[in-house]
Amino acid sequence: MRIARFSMGDQVAFGMVEEGGQVIARIGGHPFHGVELTGERVPVAEVRLVAPMLPSKIIAIGKNYADHAREMGGEPPAEPVVFLKPSTTVIGPSEAITYPGKLSERVDYEGELAVVIGRLCRDVPAERAGEVVFGYTCANDVTARDLQARDGQWTRAKGFDTFCPLGPWIETELDPADLAITTTLNGEVRQSARTSLLLHDVPALIAYVSAVMTLLPGDVILTGTPAGVGPMSVGDEVGVSIEGIGTLTNRVISRD
């Protein structure tokens, strides 16, 4: 089941995506409380898809593909590298990534599989991780690479407004173990991998993170990016495609 969040006029609602992504059947209330259709169906072309979830926090994992760890100049870490992105980084499909040109000279794309948590949880064993997952979506962990290197920690580099596109919707019935993930820049493939290459898979990440902090419904875990990260420029269009989910597309504009 694909759950989208959409805007129609001054209203924002949830809906179930049908007919190969062409139609949205509106849901009454929030899907965490059960999917009850209202009977209203609208063409996707007549609404604006927005970020499928507004998380209280985004927990991101660094260097979780061996090839990416090496392209960043190091060996794969023994344990997950965890950092946070503020909720204000979140935008939806087709919304613009704003390039902070006065502060950064290099802003990179990082296509990733994102896990959406569906229930309050803590200390989740890996073998029960599936019980707390609502679904999966595409993400772009946008990074000011020069600031990341300069600061020595990643908060500023990862934390600009618009630096966490999510979407286009949440797929609730998906096995994340071996999915193709591709990132394109202006239609050219820049990243291509499979989630089976994750050093720490989704159950392991949920167990690791939930041992540290309580996860709330709607929280998002970014599982890490494969090799091939690179810079974006104003005017570029970046797409993140994940098998079984769809494609998240955003263009880059100047913030200044």
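The values are calculated or read from the model by the stated rules, or taken from the named source; none is laboratory data. Model, not experiment: these values are computed from the prediction. No Cβ is skipped: glycine too gets one built from the backbone with ideal geometry, and neighbour counts run over all protein chains shown. Just so you know, the surface numbers come from the protein's heavy atoms only, side chains and all, with ligands and any DNA or RNA stripped out. Shrake-Rupley method; radii C 1.70, N 1.55, O 1.52, S 1.80 Å.
Between K102 and S233, residue separation times 0.36 nm minus the direct Cα-Cα distance comes to 45.8 nm.
How big is the gap, in Å, between the Cα center of region 133-162 and the Cα center of region 12-83? Result: 16 Å between the Cα centres. Only lysines eight or more places from K57 in sequence, or on another chain, were considered; those with a Cα closer than 19 Å are K85, K158.
Taking every C-alpha pair closer than 8 Å and separated by at least 6 residues, the mean separation divided by the residue count of the chain gives a relative contact order of 26 percent.
Only loop residues by DSSP count here, and only those with at most 11 other Cβ atoms within 10 Å; note down the GluC sites (Glu not before Pro) in region 7-73 that meet that.
E36
In order along region 30-35, the phi-based Karplus estimate (6.51 cos²θ - 1.76 cosθ + 1.60, θ = phi - 60°) of 3J(HN,Hα) comes to 9, x, 5, 9, x, 9 Hz; Gly and Pro are listed as x.
Using the Cβ-Cβ distance between D67 and Q11 with R0 = 51 Å, the FRET efficiency computed as 1/(1 + (r/R0)^6) comes to roughly 0.70. Legend: residues L113, L37, sorted from most to least accessible area (1.4 Å probe; ligands, DNA and RNA excluded), read L37, L113.
Each of A45 and D256 was given a label point 7 Å from its Cα along the Cα-to-Cβ line. The distance between the two points is 4.0 nm.
The length gained on full extension between L216 and R194, counted as 0.36 nm times the residue separation minus their Cα-Cα distance, comes to 5.2 nm. Given a Förster distance of 35 Å, report the FRET efficiency between A180 and R150 from their Cβ-Cβ distance, rounded to the nearest 0.05. Efficiency, from the Cβ-Cβ distance: 0.55.
Estimate the FRET efficiency between T88 and R119 by the formula 1/(1 + (r/R0)^6), using the beta-carbon distance for r and 41 Å for R0, to the nearest 0.05. Efficiency, rounded to the nearest 0.05: 0.95. Accessible surface comparison of W169, W154, probe 1.4 Å, protein chains only, largest first: the order is W154, W169. Helical runs assigned H by DSSP (4 residues or longer) give the chain a calculated mean residue ellipticity at 222 nm of -2500 deg cm²/dmol, each run adding -39500 (n - 2.57) before division by the residue total.
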